[in-house]
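The values are calculated or read from the model by the stated rules, or taken from the named source; none is laboratory data. Here the structure is a predicted model, which is why all the values come from computation and not from measurement. Protein only, heavy atoms only, side chains kept; ligands, DNA and RNA dropped before computing areas. Shrake-Rupley method; radii C 1.70, N 1.55, O 1.52, S 1.80 Å.
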Amino acid sequence: MESRGEDILRILAVRGVAVPDAARQRIATCTDLAVLDEWFERAITAPTADAVFDES
């Protein structure tokens, strides 16, 4: 699970999306693989780090 969080952070970094410390912490401490998978998919196109968490 740790690597999935690292993958999310890497995608955002490569895309040039700024990740505030609070968002970085939320991603790094998440242990729910289903949630991490959703965030991973959103990270591919999210315009901001907050959009990764957006449920809408």
Checklist entry - Ignoring any ligand, DNA or RNA, what whole percent of the accessible area of the chain comes from carbon and sulfur when the probe is 1.4 angstrom? => result 51
Checklist outcome for this item: In Å², rounded to a whole number, the accessible area per residue of segment 15-56 with probe 1.4 Å is 65
Checklist outcome for this item: Per the C-alpha gyration tensor (a ≥ b ≥ c, the square roots of its eigenvalues), the chain is rounded if a/c is under 1.5, else prolate if a/b beats b/c, else oblate; here it's rounded
Checklist entry - What's the extension gain from residue 34 to residue 48 if we count 0.36 nm per residue and subtract their Cα-Cα distance? => result 3.0 nm
Checklist entry - 222 nm [θ] for the chain, helices only, -39500 (n - 2.57) per DSSP H run of 4+, per residue, to 500? => result -19000 deg cm²/dmol
Checklist entry - For the chain, what relative contact order do you get, as a whole percent, if you take Cα pairs closer than 8 Å and at least 6 residues apart? => result 42
